[in-house]
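For reference, the structure discussed in these notes is given below.
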């Protein structure tokens, strides 16, 4: 007696699996797009850098020693750049991540000299930061945050919601951003 399913039964099982996957994947992608749309709505006001400054964001960050860090245009020799970081110190120092209130805003200087909002950045100081923060990586947007620069010691996550980043919406560097 042969207990293997017939070929037509195998096809039916595979077909049902494909249909279920097709139904579930768009739901997750749709939820992610909805969340990103909410973040865009919450940060649209910051296209004007003066509005970001009025809301407590400033170029760079003053660490525990009173030293302003990350105050220039940040670039990588082969991966592109991030641009100018405007940070909200109170949001960084509170050790809480709220997708609708990012700790950092990334700008690029346009050909007319004006700053253009490109991305948001979520930041939580790690145990090795100055001043120290959390010891375990937090999560945001369903992703575990990571430390890019151990000397700074921040857990970070970028979201390039205001520009297209060919390297990916959640990558650190954009090959399209250029520092002067």
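Details
- Neighbour-count ranking [beta-carbon atoms within 10 angstrom, fewest first] of 94, 172, 65: 65, 94, 172
- With both residues required to sit in segment 46-159, DSSP beta bridges show an antiparallel share near 95%.
- For segment 46-159, alpha-carbon Rg and Dmax in angstrom: 13.6, 43
- Between residue 109 and residue 135, the FRET efficiency from the beta-carbon distance, with R0 = 30 Å, is close to 0.25.
Each reported figure results from applying straightforward, stated rules to the coordinates on display, with no laboratory input. Every value quoted in this text rests on a predicted model; they were computed, and no experiment measured them. Note: ideal-geometry Cβ built from the backbone for every residue, glycine included; neighbour counts use all protein chains shown.
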